[in-house]
Amino acid sequence: MLLVKIGGGESINLDGIARDLAGLSGSFIIVHGANALRDSLARRLGVEKRVLTSVSGYESVHSDRDLIDVMLMAYAGLRNKRIVELLQGHGVNAVGLTGLDGALVRGRRNRGIRVREGGKTLIRRDLSGKPVEVNRKLLGLLLGDGFAPVVTVPLIDEHNVAINSENDDVVALLSAELRADCVIQLIGAPGFLEDPDDPASVVARLSRAELARREGEVTGRMKRKLLALRRLAESGTTRVVIADGRVDRPVTEALAGRGTIIG
Amino acid sequence: MLLVKIGGGESINLDGIARDLAGLSGSFIIVHGANALRDSLARRLGVEKRVLTSVSGYESVHSDRDLIDVMLMAYAGLRNKRIVELLQGHGVNAVGLTGLDGALVRGRRNRGIRVREGGKTLIRRDLSGKPVEVNRKLLGLLLGDGFAPVVTVPLIDEHNVAINSENDDVVALLSAELRADCVIQLIGAPGFLEDPDDPASVVARLSRAELARREGEVTGRMKRKLLALRRLAESGTTRVVIADGRVDRPVTEALAGRGTIIG
Amino acid sequence: MPECPVCGAEPMISDDPVEGELLECEECGVELEILALDPVTLGEAPDAEEDWGE
Amino acid sequence: MPECPVCGAEPMISDDPVEGELLECEECGVELEILALDPVTLGEAPDAEEDWGE
């Protein structure tokens, strides 16, 4: 079982990924983001996107109902269905689903984000949470009949409410529960970069210890990403590769190990 | 098998419908619109919505790629997943799908809309078409395992491209293919109104002949709706009711025949 | 002058042709559509079954 | 003055309390959260496991 995480950047070669995947034998599941699309849609609709940095330095988006609406439009609507359309066009029988659909991915609501504001430490609650359970029956039903699930946030929480979550955590959960053989993360860069502004600074390999060390050194979005990657590495998947989602045949290149090997 | 068509107006009591459906035994499929949501989103995003009236008097929306994007956000994203969320909240294991997903509803691209413009008769081609085939295997798979499909446009056409279509035609096709026992159409009015501005003018029954007669008398949106209703009546479904989607228990009222009986 | 794809005759083109414009070939009566301008290219118009969109 | 829900003491409230503000009960040391203002209502703060969102 191959798990393909497609990043939410606008530079990703979605058609190339669809064409490449169509050539594979064996089943796969796609998990995709759409953060660039969400941000531009939020701007155009005048929906404010507030970013919170927790006291321990992790960055997250304040997910209120309006932002979840924008995510439903950007992730579950536009990006999800355009990926399904591309895959169908290349002969892959894709089915687009969010965590809500058939309760595919159940999440647990975050208890509260601790932030520093106006010299005080405050608890901010929002509609976000961590993935805790996957509906393996629904996945099995679809995979068994040759469908290719294309999965994205939101998840469904313990109150049956739509919540935002980190797609990388969903990948880690899916990988552990389905014992994926390989997870490839296709992003808008040649791999994990030592220096985000230097495309030549691809790190060839990142061990779990190395991930933990770097996680301790940074704050914000990257800290969040490194944590999710560490979880993925700890999920027991045999092979995790971060590779360039913009090239002609992103999946083939990733499977050949061109990019950053994790673990 | 019960087919529930939920209109796209903003006054529809979605939560009431979800709660009502949760109380039913037996499986059902929902087909829903979101035209009010689409129109407001198109306005907010500055996407022009052009309405065309064909030479034979039928009205339709000019569906170019930008409009399909807006429909993916409004129908497949926001409205579809909020309905799924409501149903899950009432204990119904809903799965939201468009015609693209698993090629659930295959359509045939319209050959061209004939319009009068500038004293000439022109062919206007767009991304729209008629539903021709349903993926009964996927539907059976889901229904067999207790999932409740929540279906909406776009469809997937013969070129595997996302196309707009009339949701009422999708209902007619589903009804014929699954031999639905009953189809209820929940709209923002007490039923089919003789005078659209007079809520008391509900027509108790509309026979096929009556539908055809009225279709001949009107033009525009209503002509399109009457044609779709006639097709539905001809699809062999035993019972078709148009009822008020705004009341407390819309499904129960409709099943009790309160509204307009078709056929 | 563009030719009718069905009978080869040279149908009358309006002086302000528009893409998608329908016209009839006076010779064989088939309905034609202006597929492109500069030069004007003609094709048989799709049959007029259901002539409306969604 | 609002009472600590755990030990009943009256914890010190800042002069510009904000909903969601965290504070410590000097008596029993439990971490408290200001759940509401007018009147100030206190509750035990959620434990600080992963303290960030998505």
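The values are calculated or read from the model by the stated rules, or taken from the named source; none is laboratory data. Keep in mind it's a predicted model, so treat the numbers as computed, not measured. Cβ sites come from the backbone with ideal geometry, for glycine too, and all protein chains shown count toward neighbours. Heavy atoms of the whole protein, side chains included, go into the accessibility calculation; ligands, DNA and RNA do not. Shrake-Rupley method; radii C 1.70, N 1.55, O 1.52, S 1.80 Å.
If you go through the range A:140-196 one residue at a time, how many are touching a helix residue (DSSP H, G or I) at 6+ places or on another chain (Cβ under 9 Å), of a type in the set (D, E, K, R) and touching a residue at least 24 places away in the same chain (Cβ under 8 Å)? Residues meeting the conditions: 4.
Looking only at the range A:113-131, residues that are within 22 Å of A:Asp69 (Cβ to Cβ) and out of contact with any Phe, Trp or Tyr (no Cβ under 8 Å at 6 or more places or on another chain) come to 8 in all. Checked against the criterion of being modelled with pLDDT under 95, hydrophobic (A, V, I, L, M, F, W, C), open to solvent by less than 60 Å² (accessible area, probe 1.4 Å) and under 16 Å from the mean Cα position of the chain (by Cα), the range A:206-221 has no qualifying residue.
Being under 27 Å from A:Leu87 (Cα atoms), open to solvent by 10 Å² or more (accessible area, probe 1.4 Å), at pLDDT 95 or above and in a helix (DSSP H, G or I) is true of A:Glu253. Taking the numbered list (1) within 21 Å of A:Met1 (Cα to Cα); (2) modelled with pLDDT of 90 or more in turn, A:Ser235 passes all entries but (2).
With respect to A:Asp197, determine if the residue is more than 14 Å from chain B (Cβ to nearest Cβ) and surrounded by fewer than 24 Cβ atoms within 10 Å (Cβ to Cβ). Spelling it out, A:Asp197 is indeed more than 14 Å from chain B (Cβ to nearest Cβ) and surrounded by fewer than 24 Cβ atoms within 10 Å (Cβ to Cβ). Note on the range B:122-145: among residues that are open to solvent by less than 60 Å² (accessible area, probe 1.4 Å) and β-branched (Val, Ile, Thr), the one that is farthest from B:Ser56 (Cα to Cα) is B:Val134.
Residues that are basic (Lys, Arg) and either more than 8 Å from chain B (Cβ to nearest Cβ) or open to solvent by less than 10 Å² (accessible area, probe 1.4 Å) (or both) within the range A:70-84 comprise A:Arg79, A:Lys81, listed in sequence order. Quick check on the range A:40-51: of everything there that is more than 24 Å from A:Met222 (Cβ to Cβ) and either of a type outside the set (A, V, I, L, M) or touching a strand residue (DSSP E or B) at 6+ places or on another chain (Cβ under 7 Å) (or both), which residue is surrounded by the fewest Cβ atoms within 10 Å (Cβ to Cβ)? Ranking the candidates gives A:Gly46 first. Taking the range B:52-61 as the range and being more than 7 Å from chain C (Cβ to nearest Cβ) and either open to solvent by less than 20 Å² (accessible area, probe 1.4 Å) or under 18 Å from the mean Cα position of the chain (by Cα) (or both) as the test, the residues that pass are B:Gly57, B:Glu59. Scanning the range A:96-133 for residues that are touching a helix residue (DSSP H, G or I) at 6+ places or on another chain (Cβ under 8 Å) and under 14 Å from A:Asp168 (Cα atoms) gives A:Gly99, A:Val105, A:Lys130, A:Pro131, A:Val132. Within the range A:27-51, restricting attention to residues that are within 20 Å of the chain's Cα centre (by Cα) and in a helix (DSSP H, G or I), which residue is nearest to the other protein chains (Cβ to nearest Cβ)? Restricting to residues being within 20 Å of the chain's Cα centre (by Cα) and in a helix (DSSP H, G or I), the top hit is A:Leu41.
From the list B:Leu67, B:Leu100, B:Leu87, the one residue that fits, being within 23 Å of B:His159 (Cβ to Cβ), open to solvent by less than 10 Å² (accessible area, probe 1.4 Å), within 12 Å of chain A (Cβ to nearest Cβ) and aliphatic (A, V, I, L, M), is B:Leu100. If only residues of the range B:103-121 that are in contact (Cβ under 8 Å) with a residue 60 or more places away in the chain and open to solvent by less than 10 Å² (accessible area, probe 1.4 Å) are counted, the one that is nearest to the other protein chains (Cβ to nearest Cβ) is B:Ile113.
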